[in-house]
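First comes the structure, then the notes that go with it.
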Amino acid sequence: MAFFAGYPLIYTIVFFITGKKADSKGSFANRLVKLLPYAYALSATLFLGLIIRNIYPDYSLKNISEQFQNSYLRIFGLLAILFWIPALHRKPILSLLHSLVFFFFLLKDIILHITSSTSHEVIINDMKIYTDSLLLNSATLAFMVFIYTISGILVNKK
Amino acid sequence: MKLLSNKTLLVLLILVSGYGYIISCTHDNSFPPPAATTGTKYTPGTGVFLPGNLTAGNANEWKMDKAHSSCLWQTNYIGAAGLLTGRFNQFGMHEVLTSEMTLYPAPGQPLKDTSWAFYENDDSKTFFNGYVQINTSNTGEPGRDTGCNIGNLGTVKISNYPGQYNLQVGNLAKIKSTNIAFDPTTGDYIATFILTWQGKLTSPLAKTLTGRLKYIKRATIAGTAPYDVFGLQLSFQFNCRDFGVTSTSVGDKIEIECNMNFNNK
(Lines give C-alpha, C1' and ligand atoms only; values in the text may rest on other atoms or scores of the structure.)
Protein backbone atom coordinates (compact mmCIF):
# COMPACT_ATOMS: atom_id res chain seq x y z
CA MET A 1 0.00 0.00 0.00
CA ALA A 2 2.90 2.32 0.78
CA PHE A 3 4.07 2.16 -2.83
CA PHE A 4 0.87 2.18 -4.82
CA ALA A 5 -2.08 3.61 -2.88
CA GLY A 6 -1.14 7.26 -3.49
CA TYR A 7 -0.88 6.94 -7.27
CA PRO A 8 -4.60 7.44 -8.11
CA LEU A 9 -4.64 10.88 -6.52
CA ILE A 10 -1.42 11.92 -8.28
CA TYR A 11 -2.83 10.58 -11.56
CA THR A 12 -6.12 12.46 -11.31
CA ILE A 13 -4.40 15.67 -10.19
CA VAL A 14 -2.06 15.54 -13.20
CA PHE A 15 -4.98 15.00 -15.56
CA PHE A 16 -6.93 17.80 -13.89
CA ILE A 17 -4.04 20.25 -14.11
CA THR A 18 -3.11 19.42 -17.70
CA GLY A 19 -6.75 19.35 -18.83
CA LYS A 20 -7.32 19.37 -22.57
CA LYS A 21 -3.68 20.35 -23.20
CA ALA A 22 -2.84 16.68 -22.59
CA ASP A 23 -4.36 15.86 -25.98
CA SER A 24 -2.01 18.11 -27.97
CA LYS A 25 1.00 16.06 -28.98
CA GLY A 26 4.44 17.38 -28.12
CA SER A 27 3.19 19.68 -25.36
CA PHE A 28 4.60 19.47 -21.82
CA ALA A 29 1.16 18.43 -20.54
CA ASN A 30 1.05 15.56 -23.01
CA ARG A 31 4.54 14.45 -21.98
CA LEU A 32 3.59 14.65 -18.28
CA VAL A 33 0.62 12.36 -18.86
CA LYS A 34 2.77 9.92 -20.83
CA LEU A 35 5.31 9.79 -17.99
CA LEU A 36 2.73 8.74 -15.39
CA PRO A 37 2.95 4.99 -16.15
CA TYR A 38 6.75 5.20 -16.10
CA ALA A 39 6.61 6.84 -12.68
CA TYR A 40 4.30 4.06 -11.53
CA ALA A 41 6.65 1.44 -12.91
CA LEU A 42 9.51 3.15 -11.05
CA SER A 43 7.54 2.84 -7.78
CA ALA A 44 7.06 -0.87 -8.52
CA THR A 45 10.79 -1.21 -9.19
CA LEU A 46 11.53 0.37 -5.82
CA PHE A 47 9.08 -2.10 -4.28
CA LEU A 48 10.99 -4.95 -5.90
CA GLY A 49 14.20 -3.48 -4.52
CA LEU A 50 12.71 -3.48 -1.00
CA ILE A 51 11.72 -7.14 -1.32
CA ILE A 52 15.21 -8.06 -2.52
CA ARG A 53 16.74 -6.09 0.36
CA ASN A 54 14.55 -7.92 2.88
CA ILE A 55 15.53 -11.28 1.41
CA TYR A 56 19.27 -10.46 1.60
CA PRO A 57 21.39 -12.34 2.54
CA ASP A 58 19.27 -15.47 2.78
CA TYR A 59 18.06 -16.28 -0.74
CA SER A 60 16.59 -19.65 0.19
CA LEU A 61 13.13 -20.56 -1.10
CA LYS A 62 11.83 -20.63 2.49
CA ASN A 63 12.87 -17.04 3.16
CA ILE A 64 11.56 -15.85 -0.21
CA SER A 65 8.19 -17.49 0.47
CA GLU A 66 8.02 -15.73 3.85
CA GLN A 67 8.48 -12.37 2.12
CA PHE A 68 5.30 -13.14 0.19
CA GLN A 69 2.99 -13.63 3.17
CA ASN A 70 0.25 -11.75 1.32
CA SER A 71 1.37 -13.47 -1.86
CA TYR A 72 -1.41 -12.48 -4.25
CA LEU A 73 -1.26 -8.83 -3.30
CA ARG A 74 2.53 -8.63 -3.47
CA ILE A 75 2.67 -10.42 -6.81
CA PHE A 76 -0.06 -8.11 -8.10
CA GLY A 77 2.02 -5.16 -6.92
CA LEU A 78 5.10 -6.46 -8.70
CA LEU A 79 3.10 -6.69 -11.94
CA ALA A 80 3.30 -2.89 -12.07
CA ILE A 81 6.89 -3.33 -13.28
CA LEU A 82 5.33 -4.34 -16.60
CA PHE A 83 4.48 -0.68 -17.18
CA TRP A 84 8.07 -0.23 -18.33
CA ILE A 85 6.93 -2.09 -21.47
CA PRO A 86 6.00 0.50 -24.14
CA ALA A 87 2.86 -1.40 -25.17
CA LEU A 88 1.43 -1.05 -21.65
CA HIS A 89 2.64 2.46 -20.86
CA ARG A 90 0.72 3.84 -23.87
CA LYS A 91 -2.47 3.18 -21.85
CA PRO A 92 -2.10 5.26 -18.65
CA ILE A 93 -5.61 4.23 -17.56
CA LEU A 94 -4.26 0.71 -16.89
CA SER A 95 -1.86 2.07 -14.27
CA LEU A 96 -4.75 3.87 -12.58
CA LEU A 97 -6.85 0.70 -12.49
CA HIS A 98 -3.91 -1.27 -11.08
CA SER A 99 -3.31 1.23 -8.28
CA LEU A 100 -7.00 1.52 -7.37
CA VAL A 101 -6.80 -2.05 -6.03
CA PHE A 102 -4.44 -0.82 -3.29
CA PHE A 103 -6.45 2.33 -2.67
CA PHE A 104 -9.41 0.04 -2.06
CA PHE A 105 -7.79 -1.23 1.18
CA LEU A 106 -7.62 2.31 2.57
CA LEU A 107 -11.22 2.88 1.52
CA LYS A 108 -12.24 -0.39 3.18
CA ASP A 109 -10.66 0.60 6.51
CA ILE A 110 -12.32 4.03 6.42
CA ILE A 111 -15.72 2.47 5.71
CA LEU A 112 -15.18 -0.03 8.54
CA HIS A 113 -14.28 2.88 10.83
CA ILE A 114 -17.51 4.66 9.93
CA THR A 115 -19.40 1.50 10.90
CA SER A 116 -17.34 1.49 14.13
CA SER A 117 -15.93 -1.99 13.67
CA THR A 118 -12.31 -0.94 13.41
CA SER A 119 -10.18 1.11 15.74
CA HIS A 120 -8.90 4.64 15.36
CA GLU A 121 -5.27 3.54 15.36
CA VAL A 122 -5.76 1.50 12.18
CA ILE A 123 -6.85 4.66 10.33
CA ILE A 124 -3.91 6.64 11.75
CA ASN A 125 -1.55 3.92 10.57
CA ASP A 126 -3.21 3.74 7.16
CA MET A 127 -3.02 7.51 6.64
CA LYS A 128 0.67 7.54 7.56
CA ILE A 129 1.31 4.88 4.93
CA TYR A 130 -0.92 6.72 2.42
CA THR A 131 0.99 9.97 2.97
CA ASP A 132 4.27 8.14 2.37
CA SER A 133 2.78 6.72 -0.82
CA LEU A 134 1.70 10.18 -2.03
CA LEU A 135 5.19 11.52 -1.41
CA LEU A 136 6.82 8.53 -3.11
CA ASN A 137 4.64 8.73 -6.21
CA SER A 138 5.15 12.51 -6.43
CA ALA A 139 8.89 11.96 -6.19
CA THR A 140 8.95 9.23 -8.86
CA LEU A 141 6.92 11.42 -11.23
CA ALA A 142 9.22 14.38 -10.59
CA PHE A 143 12.22 12.12 -11.17
CA MET A 144 10.85 10.85 -14.48
CA VAL A 145 10.13 14.44 -15.62
CA PHE A 146 13.69 15.37 -14.67
CA ILE A 147 15.21 12.41 -16.53
CA TYR A 148 13.03 13.07 -19.59
CA THR A 149 13.99 16.76 -19.61
CA ILE A 150 17.71 16.03 -19.23
CA SER A 151 17.62 13.41 -22.00
CA GLY A 152 15.76 15.87 -24.23
CA ILE A 153 18.42 18.51 -23.66
CA LEU A 154 21.22 16.02 -24.42
CA VAL A 155 19.51 14.83 -27.61
CA ASN A 156 18.99 18.43 -28.76
CA LYS A 157 22.67 19.23 -28.13
CA LYS A 158 23.69 16.37 -30.41
CA MET B 1 -9.48 9.40 -19.93
CA LYS B 2 -12.46 11.82 -20.34
CA LEU B 3 -12.07 15.02 -18.35
CA LEU B 4 -15.52 14.78 -16.75
CA SER B 5 -15.05 11.29 -15.29
CA ASN B 6 -11.53 12.21 -14.19
CA LYS B 7 -12.93 15.14 -12.20
CA THR B 8 -15.44 12.83 -10.52
CA LEU B 9 -12.69 10.42 -9.54
CA LEU B 10 -10.52 13.31 -8.32
CA VAL B 11 -13.33 14.64 -6.11
CA LEU B 12 -13.95 11.14 -4.73
CA LEU B 13 -10.26 10.58 -3.97
CA ILE B 14 -9.94 13.98 -2.27
CA LEU B 15 -13.03 13.32 -0.17
CA VAL B 16 -11.80 9.90 0.95
CA SER B 17 -8.27 11.12 1.64
CA GLY B 18 -9.54 14.21 3.44
CA TYR B 19 -11.87 12.20 5.63
CA GLY B 20 -9.05 9.81 6.46
CA TYR B 21 -6.75 12.68 7.45
CA ILE B 22 -9.48 14.29 9.59
CA ILE B 23 -10.07 11.03 11.46
CA SER B 24 -6.36 10.41 11.96
CA CYS B 25 -5.75 13.91 13.29
CA THR B 26 -8.23 13.50 16.13
CA HIS B 27 -7.14 11.86 19.32
CA ASP B 28 -8.98 9.59 21.70
CA ASN B 29 -8.93 10.54 25.33
CA SER B 30 -6.62 8.34 27.32
CA PHE B 31 -7.28 7.76 30.96
CA PRO B 32 -4.83 6.55 33.57
CA PRO B 33 -5.74 3.40 35.51
CA PRO B 34 -7.81 4.11 38.63
CA ALA B 35 -5.90 4.75 41.85
CA ALA B 36 -5.74 1.90 44.33
CA THR B 37 -6.36 4.20 47.32
CA THR B 38 -7.22 7.81 47.83
CA GLY B 39 -5.70 8.21 51.27
CA THR B 40 -1.94 8.13 51.57
CA LYS B 41 0.20 10.45 49.46
CA TYR B 42 3.44 8.83 48.36
CA THR B 43 6.64 10.65 47.51
CA PRO B 44 9.30 9.17 45.23
CA GLY B 45 12.80 8.43 46.43
CA THR B 46 16.01 9.67 44.92
CA GLY B 47 17.34 6.53 43.28
CA VAL B 48 18.94 6.74 39.85
CA PHE B 49 19.45 3.54 37.89
CA LEU B 50 21.27 3.51 34.57
CA PRO B 51 22.56 0.62 32.48
CA GLY B 52 25.77 2.29 31.35
CA ASN B 53 27.90 -0.16 29.39
CA LEU B 54 26.84 -3.19 31.44
CA THR B 55 30.40 -3.56 32.68
CA ALA B 56 30.74 -6.58 34.97
CA GLY B 57 31.84 -5.53 38.44
CA ASN B 58 30.80 -1.88 38.00
CA ALA B 59 28.31 -1.30 40.81
CA ASN B 60 27.08 1.93 39.19
CA GLU B 61 25.85 0.07 36.11
CA TRP B 62 22.66 -1.91 36.34
CA LYS B 63 22.29 -5.09 34.31
CA MET B 64 18.97 -6.62 33.40
CA ASP B 65 18.93 -10.07 34.97
CA LYS B 66 17.09 -11.92 32.21
CA ALA B 67 17.31 -15.27 33.98
CA HIS B 68 15.25 -13.85 36.85
CA SER B 69 12.94 -11.69 34.76
CA SER B 70 9.79 -12.59 32.89
CA CYS B 71 7.34 -11.35 30.33
CA LEU B 72 3.92 -12.89 30.87
CA TRP B 73 0.60 -12.75 29.09
CA GLN B 74 -2.88 -13.90 29.91
CA THR B 75 -6.29 -13.75 28.34
CA ASN B 76 -9.64 -15.39 28.75
CA TYR B 77 -9.74 -18.71 26.95
CA ILE B 78 -12.27 -18.48 24.09
CA GLY B 79 -13.12 -15.07 25.48
CA ALA B 80 -15.38 -16.42 28.19
CA ALA B 81 -13.74 -19.19 30.19
CA GLY B 82 -10.81 -19.24 32.62
CA LEU B 83 -7.45 -17.71 31.90
CA LEU B 84 -5.12 -18.92 29.20
CA THR B 85 -1.62 -17.95 30.23
CA GLY B 86 1.84 -18.00 28.77
CA ARG B 87 5.20 -16.30 28.75
CA PHE B 88 7.67 -15.11 26.17
CA ASN B 89 10.95 -16.95 26.57
CA GLN B 90 13.01 -14.39 24.69
CA PHE B 91 12.78 -10.68 25.42
CA GLY B 92 15.02 -7.72 26.08
CA MET B 93 15.21 -4.04 26.88
CA HIS B 94 16.65 -2.65 23.68
CA GLU B 95 15.16 -0.19 21.21
CA VAL B 96 15.20 -2.41 18.13
CA LEU B 97 15.68 -0.18 15.14
CA THR B 98 14.59 -1.19 11.64
CA SER B 99 18.19 -1.94 10.69
CA GLU B 100 18.43 -4.29 13.68
CA MET B 101 15.35 -6.32 12.78
CA THR B 102 17.17 -9.38 11.57
CA LEU B 103 18.44 -12.77 12.73
CA TYR B 104 20.99 -13.22 15.49
CA PRO B 105 22.95 -16.27 16.60
CA ALA B 106 21.79 -17.96 19.78
CA PRO B 107 22.40 -18.22 22.72
CA GLY B 108 22.82 -15.03 24.72
CA GLN B 109 20.95 -11.76 24.40
CA PRO B 110 20.97 -10.67 20.74
CA LEU B 111 21.07 -6.96 21.60
CA LYS B 112 22.34 -5.07 24.63
CA ASP B 113 19.65 -4.41 27.23
CA THR B 114 20.61 -0.75 27.61
CA SER B 115 17.63 1.17 26.23
CA TRP B 116 16.24 2.24 29.57
CA ALA B 117 16.86 4.58 32.47
CA PHE B 118 15.01 4.94 35.74
CA TYR B 119 15.00 8.01 37.95
CA GLU B 120 12.75 7.69 40.98
CA ASN B 121 12.00 11.39 41.21
CA ASP B 122 12.64 12.69 37.69
CA ASP B 123 9.92 11.43 35.38
CA SER B 124 11.30 13.37 32.42
CA LYS B 125 14.49 11.29 32.42
CA THR B 126 12.90 7.89 32.94
CA PHE B 127 12.30 5.87 29.81
CA PHE B 128 12.20 2.29 28.68
CA ASN B 129 12.20 0.21 25.54
CA GLY B 130 11.45 -3.47 25.30
CA TYR B 131 10.81 -6.22 22.82
CA VAL B 132 9.68 -9.83 22.75
CA GLN B 133 10.17 -12.50 20.12
CA ILE B 134 6.60 -13.57 19.45
CA ASN B 135 7.34 -17.14 18.40
CA THR B 136 8.95 -17.84 21.80
CA SER B 137 5.52 -17.72 23.43
CA ASN B 138 5.44 -20.62 25.87
CA THR B 139 2.16 -21.92 27.24
CA GLY B 140 3.53 -25.26 28.34
CA GLU B 141 1.74 -27.02 25.48
CA PRO B 142 4.24 -27.71 22.67
CA GLY B 143 1.44 -28.54 20.26
CA ARG B 144 -0.03 -25.06 20.72
CA ASP B 145 3.29 -23.23 20.94
CA THR B 146 4.57 -24.62 17.63
CA GLY B 147 1.14 -24.97 16.02
CA CYS B 148 -1.89 -22.71 16.18
CA ASN B 149 -0.12 -19.99 18.17
CA ILE B 150 2.33 -19.47 15.32
CA GLY B 151 -0.34 -19.04 12.68
CA ASN B 152 -2.69 -17.04 14.91
CA LEU B 153 0.03 -14.54 15.86
CA GLY B 154 1.28 -14.05 12.30
CA THR B 155 4.79 -15.34 12.85
CA VAL B 156 6.97 -18.32 11.91
CA LYS B 157 8.22 -21.32 13.87
CA ILE B 158 11.48 -21.18 15.79
CA SER B 159 12.58 -24.26 13.83
CA ASN B 160 12.57 -22.17 10.63
CA TYR B 161 15.76 -20.54 11.89
CA PRO B 162 17.52 -23.15 14.04
CA GLY B 163 20.12 -21.75 16.38
CA GLN B 164 19.07 -18.19 15.67
CA TYR B 165 16.99 -15.51 17.33
CA ASN B 166 14.42 -14.05 14.99
CA LEU B 167 14.04 -10.31 15.49
CA GLN B 168 12.59 -9.76 12.02
CA VAL B 169 9.60 -7.47 11.81
CA GLY B 170 7.07 -10.29 11.55
CA ASN B 171 8.24 -11.84 14.83
CA LEU B 172 8.82 -8.71 16.87
CA ALA B 173 6.60 -6.81 19.28
CA LYS B 174 8.19 -3.81 20.92
CA ILE B 175 7.29 -1.04 23.32
CA LYS B 176 8.75 2.43 23.62
CA SER B 177 7.83 4.81 26.42
CA THR B 178 6.69 8.32 25.60
CA ASN B 179 5.78 9.63 29.04
CA ILE B 180 6.26 8.55 32.65
CA ALA B 181 4.36 10.20 35.48
CA PHE B 182 4.63 9.45 39.19
CA ASP B 183 1.27 8.69 40.80
CA PRO B 184 1.32 10.02 44.39
CA THR B 185 -1.81 8.10 45.34
CA THR B 186 -0.24 4.70 44.73
CA GLY B 187 3.50 5.30 44.68
CA ASP B 188 3.70 3.75 41.21
CA TYR B 189 4.21 5.39 37.81
CA ILE B 190 1.75 5.84 34.98
CA ALA B 191 3.56 4.89 31.81
CA THR B 192 2.44 5.92 28.36
CA PHE B 193 4.12 4.01 25.58
CA ILE B 194 3.80 2.85 22.01
CA LEU B 195 3.28 -0.84 21.27
CA THR B 196 4.43 -1.73 17.74
CA TRP B 197 3.51 -5.15 16.42
CA GLN B 198 2.60 -6.47 12.99
CA GLY B 199 0.50 -9.40 14.21
CA LYS B 200 -1.63 -10.56 11.30
CA LEU B 201 -1.60 -7.17 9.59
CA THR B 202 0.29 -6.35 6.40
CA SER B 203 2.55 -3.91 8.21
CA PRO B 204 3.32 -3.12 11.87
CA LEU B 205 0.78 -1.09 13.78
CA ALA B 206 1.94 1.46 16.37
CA LYS B 207 -0.63 1.85 19.14
CA THR B 208 -0.38 4.15 22.14
CA LEU B 209 -1.18 2.44 25.43
CA THR B 210 -1.13 3.29 29.11
CA GLY B 211 0.14 1.00 31.82
CA ARG B 212 1.31 0.95 35.40
CA LEU B 213 5.02 0.85 36.15
CA LYS B 214 5.89 -0.35 39.60
CA TYR B 215 9.30 0.14 41.17
CA ILE B 216 10.40 -2.60 43.54
CA LYS B 217 12.80 -0.94 45.89
CA ARG B 218 16.52 -1.48 45.82
CA ALA B 219 17.75 -4.10 48.23
CA THR B 220 21.13 -5.55 49.10
CA ILE B 221 21.75 -9.27 48.77
CA ALA B 222 24.15 -10.26 51.52
CA GLY B 223 26.92 -12.73 50.96
CA THR B 224 30.67 -12.96 50.40
CA ALA B 225 30.24 -10.58 47.48
CA PRO B 226 27.15 -8.52 48.29
CA TYR B 227 25.35 -6.78 45.48
CA ASP B 228 22.17 -4.78 45.03
CA VAL B 229 19.01 -5.53 43.12
CA PHE B 230 15.87 -3.67 42.17
CA GLY B 231 12.86 -4.44 40.00
CA LEU B 232 10.51 -2.79 37.54
CA GLN B 233 7.11 -4.27 36.81
CA LEU B 234 5.04 -3.02 33.89
CA SER B 235 1.40 -4.06 33.61
CA PHE B 236 -0.84 -3.18 30.70
CA GLN B 237 -3.46 -4.59 28.41
CA PHE B 238 -4.32 -4.22 24.75
CA ASN B 239 -6.88 -5.38 22.23
CA CYS B 240 -5.38 -8.09 20.06
CA ARG B 241 -8.05 -7.53 17.37
CA ASP B 242 -6.35 -4.20 16.58
CA PHE B 243 -3.39 -6.24 15.36
CA GLY B 244 -5.41 -8.51 13.12
CA VAL B 245 -5.59 -11.47 15.52
CA THR B 246 -8.85 -13.18 14.69
CA SER B 247 -8.55 -16.42 16.65
CA THR B 248 -11.54 -16.99 18.90
CA SER B 249 -9.41 -19.13 21.24
CA VAL B 250 -8.24 -15.93 22.92
CA GLY B 251 -10.25 -13.02 24.24
CA ASP B 252 -10.06 -9.52 22.80
CA LYS B 253 -8.18 -8.27 25.85
CA ILE B 254 -4.64 -9.48 26.39
CA GLU B 255 -3.01 -8.61 29.69
CA ILE B 256 0.74 -8.28 29.82
CA GLU B 257 3.00 -8.22 32.86
CA CYS B 258 6.70 -7.58 32.42
CA ASN B 259 8.79 -8.29 35.52
CA MET B 260 12.31 -7.02 35.05
CA ASN B 261 14.94 -7.61 37.72
CA PHE B 262 18.22 -5.74 37.69
CA ASN B 263 21.46 -6.14 39.61
CA ASN B 264 24.72 -4.25 39.81
CA LYS B 265 27.11 -7.19 39.86
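The values are calculated or read from the model by the stated rules, or taken from the named source; none is laboratory data. Remember, it's a predicted structure, so these values are computed and weren't measured experimentally. With ideal geometry, Cβ positions are generated from the backbone for all residues, glycine too; neighbour counts draw on all protein chains shown. For accessibility, only protein heavy atoms count, side chains too; no ligands or nucleic acids. Shrake-Rupley method; radii C 1.70, N 1.55, O 1.52, S 1.80 Å.
Split the accessible area of the range B:167-265 by element, probe 1.4 Å, and carbon with sulfur accounts for 54%. Contact residues in the range A:82-118 (at least 50 Å² less accessible area with all protein chains than alone, 1.4 Å probe): A:110.
What is the calculated FRET efficiency for residue A:135 to residue B:157, with r their C-beta to C-beta distance and R₀ = 41 Å, to the nearest 0.05? In this case the efficiency is close to 0.65. Averaging 1/r over each pair of different alpha-carbon atoms in the protein assembly as shown and inverting the result gives 24.7 Å, the Kirkwood hydrodynamic radius.
The aspartates and glutamates within cross-link reach of residue B:63, meaning a Cα-to-Cα straight distance under 13 Å and a gap of 8 or more places when in the same chain, are B:113, B:228. With N as its number of residues, chain B has a Cα radius of gyration that, divided by 2.2 N^0.38 Å, comes to 1.17. Calculated accessible area for the protein assembly as shown comes out at 52 Å² per residue, all protein chains present (probe 1.4 Å; ligands, DNA, RNA ignored). Over 24 Å apart at the Cα level, from the set A:108/B:174; B:174/B:265; B:174/B:214; B:112/B:176; B:41/B:217, are A:108/B:174; B:174/B:265. Note that the range B:246-259 has calculated 3J(HN,Hα) couplings of 10, 4, 8, 5, 10, x, 5, 8, 10, 9, 10, 9, 9, 10 Hz, one per residue in order, obtained from phi through the Karplus relation 6.51 cos²θ - 1.76 cosθ + 1.60 (θ = phi - 60°); glycine and proline are x. In the protein assembly as shown, a dipole from Cβ-located charges (positive for Lys and Arg, negative for Asp and Glu) runs towards its positive end, and of B:210, A:95, A:131 it is A:95 whose Cα lies farthest in that direction. Oblate is the label for the range B:161-265. Its Cα gyration tensor axes, ordered a ≥ b ≥ c, give a/c of at least 1.5 and b/c at or above a/b. Comparing mean-square fluctuations of B:117, B:80, B:222 from a GNM of chain B with C-alpha springs under 10 Å, the top value falls on B:222. The aspartates and glutamates within cross-link reach of residue B:7, meaning a Cα-to-Cα straight distance under 17 Å and a gap of 8 or more places when in the same chain, are A:23. Heavy-atom accessible area buried between chains B and A is around 2800 Å² (1.4 Å probe, both sides summed). Could you tell me whether the range B:85-140 comes out rounded, prolate or oblate from its Cα gyration tensor? Rule is a ≥ b ≥ c as square roots of the eigenvalues, rounded for a/c under 1.5, then prolate if a/b exceeds b/c, otherwise oblate. Because a/c hits 1.5 or more and a/b fails to exceed b/c, the range B:85-140 counts as oblate.
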